[in-house]
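Data first, discussion second: the structure below is written as structure tokens.
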Amino acid sequence: MNNLTPAELVLMRKACQITRDALNYAETLIKPGISTKALDNLVEKFIINSGAIPACKGYEGYPATICASVNDTVVHGIPSEKVILKEGDIISVDIVVEYKGLYGDATRTFPVGKISPEKAKLIEVTKQCFFEGVKHLKVGHRLGELSNAIQKYAESNGFSVVRELVGHGIGKSMHEPPNVPNYGKVTDGPIVTENACLAVEPMINMGRKDVWLLEDGWGVVTRDGKASAHYENTVHVTKDGVEILTL
Ligand code: MF3
Ligand code: CO
């Protein structure tokens, strides 16, 4: 697990604050009638105006700033003029920002207008999965304690956990070791070390856990076509607790 210097941590906090601000800005734009491409353009301008770099753009050939994943899309939905938000949709917006060589990564799932109670519950449970997991993220403990807590909370609410995608270490690059799964046993994974920065990101399905990769090579959708939600923050583990950097 990584261990940034105090000076790097200052930049890390700034990267994460810009990520959070970009998500809050995205939230103000979400309404029926806007395309995910228009959303992407505006968020890109916001990040650049903040003095940061949209880190997803060009990453392994990814063509946009945000991932805009609507309804049954779990992650990595490519923004498109053809995808126009409508009342009752849910959309997860995933943003990664680079600021002076340090990375922030966060995701929120937003309602579009009035949504069904079932979708509202999915959004709330997915967010709460993050907080249940982080309660178990402690120096000297196994990372599996966090993973197990997330899985238990999701499944006890009747939802399922995506297996193919996991959280990750983050810092001087977007993806660093270790993997941070949202499922598993308390005895799984490495021992958590002081000062580690991690992206914790439950991806929770309303129906079955199984997913497909779309033909565009990026979008991941549920096989049963039911909705999926995603909630992510970049966190910093200290000996006194967890600092949530993108909140
Ligand atoms: N938050 C996503 C992740 O951790 C961002 C990936 S978008 C990509 O995988 F295009 F950069 F891959
Ligand atoms: Co991430």
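Look at (1) more than 15 Å from ligand 1 (Cβ to nearest atom); (2) in contact (Cβ under 8 Å) with a residue 40 or more places away in the chain and you find that residue 114 fails only one, number (2). For residue 82, the stated conditions hold: it is out of contact with any Gly (no Cβ under 9 Å at 6 or more places or on another chain), more than 10 Å from ligand 1 (Cβ to nearest atom) and farther than 28 Å from residue 8 by Cα. Selection of the range 162-178 for residues being under 14 Å from the mean Cα position of the chain (by Cα) and outside any loop (DSSP other than H, G, I, E, B) yields 167, 168, 169.
Residue 242 meets all of the listed conditions (1) touching a residue at least 60 places away in the same chain (Cβ under 8 Å); (2) more than 23 Å from residue 23 (Cβ to Cβ); (3) touching a Leu at 6+ places or on another chain (Cβ under 7 Å); (4) open to solvent by 10 Å² or more (accessible area, probe 1.4 Å) but one, namely (2). If the condition is being surrounded by fewer than 17 Cβ atoms within 10 Å (Cβ to Cβ) and either without any contact (Cβ under 8 Å) to a residue 60 or more places away in the chain or not polar (S, T, N, Q) (or both), then the range 180-202 contributes 185, 186, 187, 188, 190, 191, 194.
The values are calculated or read from the model by the stated rules, or taken from the named source; none is laboratory data. Because the structure is a prediction, the values reported are computed rather than measured. For neighbour counting, all protein chains shown are included, and Cβ atoms are generated from backbone atoms with ideal geometry for every residue, glycine included. Side chains are part of the model used for accessible areas, which takes the heavy atoms of the whole protein and leaves out ligands, DNA and RNA. Shrake-Rupley method; radii C 1.70, N 1.55, O 1.52, S 1.80 Å.
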